[in-house]
Amino acid sequence: MSCAPATLADFLPEIRDYATRQCFNRNETIFNQDDPSDYVYRILTGTVRLCRYMPDGRRYIVDFLLEGDLMGFVESPDMPATAEAVTDCLIQVYPRECFDQLARGNAAIRTQLLCHLSANLLTAQQHMFVLGCQRAKERVASFLLRLADREGLSCGDRLSLPMGRQDIADHLGLTIETTSRMISALRNEEAILIPNSQQIVLRDMGALRALAAEA
């Protein structure tokens, strides 16, 4: 059986009457770490970053979420991360209890919820590999590939990067200087082209996959 978290969207019409829509401006907080996990959020437009902040102000970006993604399914009473709008965002907000009630009476929803949690765990494990085993350029290649794969892009396509270089650095455990240098190195090796600061042309996917140990 294939686990596809996006199929949870098939059940959302059943609880749409309980949902509200909220707009968030760029860099605005959607919810904070340690807030009660009482709601589930679906991104209708825009990009969101999930962050954890250290007491001294240092930031680690757990993940970036894109249009159609769901966030807020956690097996704890509190949110483990802060969600911030990378761009202007439109968010659909559902009471978590609505999903719990649906799941109690529908085995298909329980299966999809389990798939969603399993997919999140797999993503976290893959990112641990990136941080623990890959060099700087390999991390950047893995990051670009993951975004490209999520968008269904191939060689020659343009990949949008709504997040800045500092965001990417905080996600990959690098400095902004190293991140910018590695992106430039990939350009010099003709694996990518950089038409502007918010777009990457995927010139050689094979080279990127080789760097990311996916060849």
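The values are calculated or read from the model by the stated rules, or taken from the named source; none is laboratory data. Since we're looking at a predicted model, the values are computed, not measured. In this analysis, Cβ positions are derived from the backbone assuming ideal geometry, glycine residues included, and neighbour counts consider all displayed protein chains.
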Within the set of pairs 6 or more residues apart or between chains, which connect a residue that is under 16 Å from D88 (Cβ atoms) inside the stretch 35-48 to a residue that is polar (S, T, N, Q) and part of a loop (DSSP other than H, G, I, E, B) with Cβ atoms less than 6 Å apart?
G46/T87; T47/T87
Restricting attention to the stretch 189-212, does a residue exist that is over 15 Å from the mean Cα position of the chain (by Cα), assigned to a helix (DSSP H, G or I) and under 23 Å from A83 (Cβ atoms)?
no
Close pairs (9 angstrom Cβ cut-off, 6 or more residues apart or separate chains): on the phi > 0 side of the Ramachandran plot in the stretch 197-215, modelled with pLDDT of 95 or more and of a type in the set (S, T, N, Q) anywhere:
A213/S142
Unique match (being in contact with a Phe, Trp or Tyr (Cβ under 8 Å, 6 or more places away or on another chain), under 30 Å from L174 (Cα atoms), modelled with pLDDT of 95 or more and crowded, with 17+ Cβ neighbours inside 10 Å) among L65, L50:
L50
